[in-house]
Amino acid sequence: MIRIFTTGGTIDKVYFDANSEFEIGESLVPELLAESNIHKGYSLKGLLRKDSLEMTDEDRRQVLDAVAACECSRILITHGTDTMAETARELSSLSDKTIVLTGAMQPARMRRSDAVFNMGFAWAAVQLLPPGVYIAMNGEVFEAGAVRKNLKAQRFERT
């Protein structure tokens, strides 16, 4: 069984107007998994509904506490990309579980989103990787503490 925690981020954003006003909507994770023909083998829990730029140290501790208390050894977390690396670093003290964070550069509700691919890729990664904390984005896996988001290039890269 894989435990999926959602925290918000671009993957769950809903845009309302041309000025890019947004809110974090209900998670589309079940739809993304269904679109990838994944219908069982997971349980889902929403932890936060925040843009990752608004996440606080207290929010990160909430994620850490939820993951530490989880009985599952394989955990997937959807997260905003801007501070995903910080949360991964916070989780790196948990060495007995396989923890994979993923998200999207474009909201899942948009036609041209990387959300479905990233969810499917993270789903495979969380099943195949050894215990540790990882970020799985756009076809690459990065270890916590050795990754950063390149804002200009809109991708993750090793540090």
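The values are calculated or read from the model by the stated rules, or taken from the named source; none is laboratory data. Note that the coordinates shown come from a computational prediction; the quantities given were computed from them, not determined experimentally. Counting neighbours? That spans all protein chains shown, and the Cβs are built from the backbone with ideal geometry, glycine included. Calculation scope for accessible area: heavy atoms of the full protein, side chains included, ligands and nucleic acids excluded. Shrake-Rupley method; radii C 1.70, N 1.55, O 1.52, S 1.80 Å.
If R₀ is 25 angstrom, what is the calculated FRET efficiency for the pair Glu157 and Glu35, using the beta carbon separation as r and rounding to 0.05?
Working from the Cβ atoms, E equals 0.35.
What residues have an amide H closer than 5 Å to that of Arg155, excluding those fewer than 5 places away on the same chain, when H is modeled at 1.01 Å from N in the peptide plane?
Under 5 Å from the amide H of Arg155 lie the amide H atoms of Asn150, each far enough along the sequence or on another chain.
What residues qualify as long-range amide H neighbours of Tyr134, i.e. H under 5 Å apart, gap of 5 or more or another chain, H built at 1.01 Å from N?
Ile99, Val100, Leu101, Ala144
Can you list the GluC sites (Glu not before Pro) in segment 6-89 that are in a DSSP coil and have 13 or fewer other beta carbons within 10 angstrom?
In loop regions of segment 6-89 (DSSP not H, G, I, E or B), the sparsely surrounded GluC sites (Glu not before Pro) are Glu21, Glu26, Glu71.
Report the extension gain between Gln127 and Arg49 in nm, rounded to one decimal, defined as 0.36 nm multiplied by the number of residues separating them, less their alpha carbon distance.
Once the chain is fully extended between Gln127 and Arg49, it gains 25.5 nm.
If I stretch the segment between Cys72 and Phe22 completely, what's the gain in nm (0.36 nm per residue apart, minus their alpha carbon distance), one decimal?
So the chain would gain 14.7 nm between Cys72 and Phe22.
Take Ser93, project a point 7 Å from its Cα along the Cβ direction, then tell me which residues of segment 43-63 have their backbone nitrogen under 14 Å from it.
Counting backbone N atoms under 14 Å from the label point, the list is 57-63.
Find the accessible area per residue for segment 59-159; the probe is 1.4 Å, ligands and nucleic acids are left out, and the unit is Å².
On a per-residue basis, segment 59-159 sits at 47 Å².
At a 1.4 Å probe, what is the % contribution of carbon and sulfur to the accessible area of segment 1-100?
43
For Leu64 and Asn138, calculate 0.36 nm times their separation in residues minus their Cα-Cα distance, and state this gained length in nm to one decimal.
Roughly 24.2 nm would be gained on extension.
Charges at C-beta only: +1 for Lys and Arg, -1 for Asp and Glu. How large is the resulting dipole of the chain about its Cα centre, in Debye rounded to 20?
420
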